[in-house]
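Working notes, structure below.
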Amino acid sequence: MAVVMTAMTSDLHLHGRSDPEYYLPSHTAVEADLSHVPTVSLRQLGHFSCSAFYPAATHLYNDRGIPFLRCVDIIDFPVLSPDQPFARIPETFVSNHGSIRSLSAGDVVISKVGTPCFAGLLSEDMPKSAMTRTVLGMSAIKTDTIDPYYLIAFLRSRYGFDQLMRERELTIQYQLTLERTRKIRVFLPERPIQNEIGEKIIAYYRSLRNSIDTYYGAQQLLESELGLDKLSFQKPVGYAARFSTLPLSQSFLAGRIDAQCFSPRALFYEHWLTNLYGCERLALLLQGATKGRQHEDVANGGADYCSIKHISGRELAGVSMCNPDAGTQFAGRNDLLLAITGATIGKIGIVKRYSRLAFSGDLLRLRVKQGINPHYLLLALDHSIGQVQFNRWITGSTNGHLAPRDVLRVLVPRLTPNIENRIGELVENSLVKKLESERQIEEAKTRVEQLIEEAVKS
């Protein structure tokens, strides 16, 4: 359907843009609504900066450097915490290149390239962090004027995010510039209302931290029960494997003679797991393993639909819709969905919010047998002892694939029912707390939108 838009010449001069996308009805509607409420520009609320050119640095990434913020670190994290899987870079590299800008706890970072327009606040315990060229930062925030937590709620709401999307400029790809970002209008309600909304963002972060800590507790319990906390593996520079030393001549059974299949780490864990009392093949713990079917996303379909992109934090969220057909496979509550193609092989989530969920062909449904705790199995497969086995059996050179038959050969350590259930309870509690954190962030954004909509109507 064609969309016709009209813009006044004065608007073209005011905004400095003449491209049709800038004047889409959704954008101009947001602009009109904000004209009815008190606003200030972002430039009035803080100092903006971004990193300019610097030499290639990926070879310097390590576990001990300072966070090197990328757009992927912000998309799903309204508040950034120090234990996120950041790329880290030596602080000396940052200090030696004046073109690299840094942020501190309490500053705001916004993704500007790749997946732009997502804002995140550096938590109080975040260390000094450098910015890659994919993000921009806002520091020296005027906290006497605005609550930084409220600011994140606004920028993630429809009224903030839509403005950021509108201000993107297309060069080789869409990106935000400092000047365009400074133009964003921020709704400023009374300070008590700001604080009320900001408290929801704080509650979000607390729930998220509780979720992470609870899951970590489940991991620690698993590792202590298995003795993994005392197990060490030293990775050799090179290695050799003899067919005669491999259990059951695995190379011929699997049809594999590649180095990946016989990596020392994989064989180390297999030997350790094989000699562990009570260890079982995944096939014995499942009713079955079923591959999904690819569907097109539709706006109003007949079924909820999940693909790899919807697996987040070992759970499924924000799924789309599809029109199912006779060959569509469905997952139910407590089924596990495992990514079996591409760069995300091994990514796994459990179905909790949906009783009937269609899933794509790049996912494998693992339906757990009665009496097996699905949350314990989720942790066992998500842990490195499961992931190293998935990585071992990947085939393909350009786009990896994990065959269902190889998934079923994965070894799963078995503990006493009481311990497995205790670990499963911790994992389930972690998921509940993560769901609570998502509810808090949605409530904060919704409250911002309601306040603006109510002001427009009055």
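The values are calculated or read from the model by the stated rules, or taken from the named source; none is laboratory data. From a predicted model like this one, the values you see are computed outputs, not experimental measurements. We place every Cβ from the backbone using ideal geometry, glycine too, and count neighbours over all the protein chains shown. With ligands, DNA and RNA removed, areas are computed over all heavy atoms of the protein, side chains included. Shrake-Rupley method; radii C 1.70, N 1.55, O 1.52, S 1.80 Å.
For the chain, what is the accessible area per residue in Å², given a 1.4 Å probe and the full set of protein chains?
Working: 22240 Å² over 458 residues.
Here the residues of the chain average 49 Å² of exposed surface.
Percentage of Cα-Cα pair distances in the stretch 67-186 greater than 17 Å, rounded to whole percent? Don't skip to the end; give the middle numbers.
Numbers: 3815 of 7140 pairs.
So the pairs more than 17 Å apart make up 53 percent of the total in the stretch 67-186.
So what is the calculated 222 nm ellipticity per residue for the chain, using -39500 (n - 2.57) for each DSSP H run with n of 4 or more, over all residues, to the nearest 500 deg cm²/dmol?
-11000 deg cm²/dmol
Using a 1.4 Å probe and counting only protein heavy atoms, arrange Tyr149, Tyr174 so the residue with the most accessible area comes first.
Order by accessible area, largest first: Tyr174, Tyr149.
Along the three principal axes, how long is the stretch 335-458 when you take its alpha carbons, biggest first, rounded to the nearest angstrom?
64, 43, 26
In square nanometres, what is the average projected area of the Cα convex hull of the stretch 54-116?
Over every viewing direction, the Cα hull of the stretch 54-116 projects on average to 4.6 nm².
Using only the heavy atoms of the protein chains and a 1.4 Å probe, how would Asp144, Asp107 rank by accessible area, largest first? Intermediate values should be presented prior to the final figure.
On the way: Asp144 130, Asp107 20 Å².
Highest to lowest solvent-accessible surface, that is Asp144, Asp107.
Within 12 Å, Cβ to Cβ, of Ile308, how many net charges do the neighbouring residues add up to if Lys/Arg are +1 and Asp/Glu are -1?
Counting the neighbours of Ile308, the net charge comes to +1.
Keeping the other protein chains in place, figure out the carbon and sulfur percent of the accessible area of the stretch 59-188, with a 1.4 Å probe.
Result for the stretch 59-188: 52 percent of the exposed heavy-atom area is carbon or sulfur.
In Å, what Kirkwood hydrodynamic radius results for the stretch 261-344 from the alpha-carbon pair distances?
15.9 Å
Of Asp83, Asp73, which has the most accessible area with a 1.4 Å probe, and how do the rest follow in descending order?
Asp83, Asp73
Return the lysines within reach of Lys183: Cα separation strictly under 22 angstrom, same-chain partners fewer than 8 residues apart disregarded; answer none if there are no such residues.
Lys112, Lys142, Lys445
Find how many whole Å separate the alpha carbon centroid of the stretch 275-290 from the alpha carbon centroid of the stretch 126-170.
47 Å
Return the tail of the calculated pair distribution for the chain, meaning the percent of Cα-Cα pairs more than 41 Å apart. Provide the component values of the computation, followed by the final result.
Numbers: 28960 of 104653 pairs.
Counting pairs separated by more than 41 Å, the tail of P(r) holds 28 percent.
So how long is each side of the stretch 399-458 along the principal axes, counting just the alpha-carbon atoms, biggest first, in Å?
Reported extents, whole Å, longest axis first: 64, 39, 11.
Roughly how many percent of the accessible protein surface of the stretch 391-434 is carbon and sulfur, given a 1.4 Å probe and a whole-percent answer?
50 percent
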